[in-house]
Amino acid sequence: MLSVSRVHLTALIVASMLFMEQLDGTILSTALPSIANSLHVDTVATSVALTSYIIGLAIFIPASGALADRLGSRTVLSCAIIIFVLCSVACGSAHSLLFLACMRTLQGIGGALMVPVGRLVVLRSTPREELVRTMTWMMLPATLGPLMGPVVGGFITTYLSWRWNFYLNIPVGILGFILTRRFIPEVKEKEPPPFDLTGLFLAGGGLAALSVGTELFTHNQGSATLLLSLFLGGFAFMGGYGFHAARLSTPLLDFRLLAIPTFRISVLGGAASRIAVGAFPFLLPAFLQIGSGLTAAQSGMVTFIAPVGALAMRPWVPAVLKRWGFRRVLMVNGFSGGILSILISSFHQGQALWPLYPILLAAGMAQATQFSAYNTIAYADIPASRMSAATSFYATMQQLMLSLGICIAAGTLTLSGLLHGRIEPTSHDFATAFIAVGVISLLAVPAAASLNPSAGAALSGKKE
């Protein structure tokens, strides 16, 4: 094990990579109209810049742990940063939408290898009693990515060029690469099991099809035939992977890890919470603009409050978990997430918005606590030999649930409008969607309640 200061430095290096990826993911959405104008295409068509990144991400996330076991964590991490930065330069230099989409796909491969392998390095090098504090330390800078993305993206696109949204990754990536080569340990298995290439094809293909289908459905693009083909094909690939994995002792995505109670509860309870988190960035800005009559700039300032709450809460998470323990904190936060979502649904056009501010602030604080706890307790009982498989599985589920949240939110809006004979969504449709998402997030409560009261005590330091 590394010293505590070295562990925190390692976590900070990984956090810088997570910051870069999070900033890249949120900064680009504000630049799509400018990209469309520069490349002489329709604005709607530029959403392929978002979709293509998801393809690369979905295909290679399952393989991240297995590659780190074979090639070494520092090697994979270094290569991932190089891929991400070089593709960022290529994206910024793009003069056609096709080239931009291809480079974004490769950039997604870099992102898929970068963050899960970085988390694996932190988990392997951190003493169990320091895991809560280290994970909180790692997630603190990463919170700044979504917080700064829309603001920075709008400023850069307006006063410089949309291309500088990609070039911004260069200094962060170079610094991350230097620090990785200097401080990240090279950890790999001496005798790794055979690489599951068939599993990569089936699981990666299935996840890519489902993710792209969700992205197109969310943006109301693609024919019904195309969407149905993507979803059916995705489920067929994942079903084929299930049969394939059952015959292997070490499959790419090992569902046998769900037999470990703390990991299973974190995956299932976290799934309910992440569906809500995935839905919120899609629902809230549109709700404020359509349902409450705000401009895009005004809605941006309002949604800014939730990440501020998350950022403010992060340093206090270790003390909260030490005082009350994982089980109680996750149960209370499970209730708060559902209640806060339902409270947001009660706001309508013409109402004063100031009561919404403390609700969003509390929602951000609850989210920061919830996911710091889930991201820590998930690995409490994972053997060292299965840590790489666990990080790959967990990262895959995170991506899938966030995409599913967007799909559920968009589907609820569409269904509510159809039932009431409306083409454009109204505040009533948004209220229905928020309630649906809030009810789903409440499913995290029974999952957390099934935790042993002493679960994670060695990590949080809670005394019985």
List the trypsin sites (Lys or Arg not before Pro) in segment 236-288 that DSSP assigns to loop (not H, G, I, E or B) and whose Cβ has at most 16 other Cβ atoms within 10 Å. Which are they?
247
Counting every C-alpha pair in segment 197-247, the percent lying more than 17 Å apart is 34 percent
Axial C-alpha extent at least 27 Å, average Kyte-Doolittle at least -0.5 - helices from the chain (DSSP)
4-27, 73-92, 97-125, 131-159, 197-218, 224-245, 261-286, 317-344, 356-377, 387-419
Can you give the charge dipole size of the chain about its Cα centre, rounded to the nearest 20 debye, using +1 on the beta carbon of Lys and Arg and -1 on the beta carbon of Asp and Glu?
1140 debye
Helix-derived [θ] at 222 nm for the chain: sum -39500 (n - 2.57) over DSSP H runs of at least 4, divide by residue count, nearest 500?
-25000 deg cm²/dmol
Note down the magnitude of the dipole of segment 300-446 about its Cα centre, charges +1 on Lys and Arg C-beta and -1 on Asp and Glu C-beta and zero elsewhere, to the nearest 20 debye.
500 debye
When you have a sec, figure out the Kirkwood radius of segment 345-455 from all distinct Cα pair distances and drop it here in Å to one decimal?
17.0 Å
In percent, what relative contact order does segment 258-463 have, based on Cα pairs under 8 Å that are 6 or more apart in sequence?
45 percent
What whole-number value in cubic angstrom gives the convex hull volume per residue for the C-alpha atoms of segment 258-463?
115 Å³
Stretch residue 40-residue 191 to full length: gain in nm at 0.36 nm per residue minus the Cα-Cα span?
49.1 nm
Please name whichever of 77, 287, 88 sits farthest to the positive end of the charge dipole of the chain, dipole taken about the Cα centre and charges placed at Cβ: Lys and Arg +1, Asp and Glu -1.
77
Pairs of alpha-carbon atoms within less than 8 angstrom and 6+ residues apart define the contacts here; what relative contact order does the chain have, in percent?
22 percent
Name the shape class, rounded, prolate or oblate, that the alpha-carbon gyration tensor gives for the chain, where a ≥ b ≥ c are the square roots of its eigenvalues, rounded holds for a/c under 1.5, and otherwise prolate holds if a/b is larger than b/c and oblate otherwise.
rounded
Which one of 311, 187, 38 is farthest out on the positive end of the charge dipole of the chain, using unit charges on Cβ (Lys, Arg +1; Asp, Glu -1) and the Cα centre as origin?
187
Out of the total accessible area of the chain (probe 1.4 Å, heavy atoms of protein only), what percent is carbon and sulfur?
71 percent
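The values are calculated or read from the model by the stated rules, or taken from the named source; none is laboratory data. Just so it is clear, the model here is predicted, and its values are computed rather than measured. Note: ideal-geometry Cβ built from the backbone for every residue, glycine included; neighbour counts use all protein chains shown. Heavy atoms of the whole protein, side chains included, go into the accessibility calculation; ligands, DNA and RNA do not. Shrake-Rupley method; radii C 1.70, N 1.55, O 1.52, S 1.80 Å.
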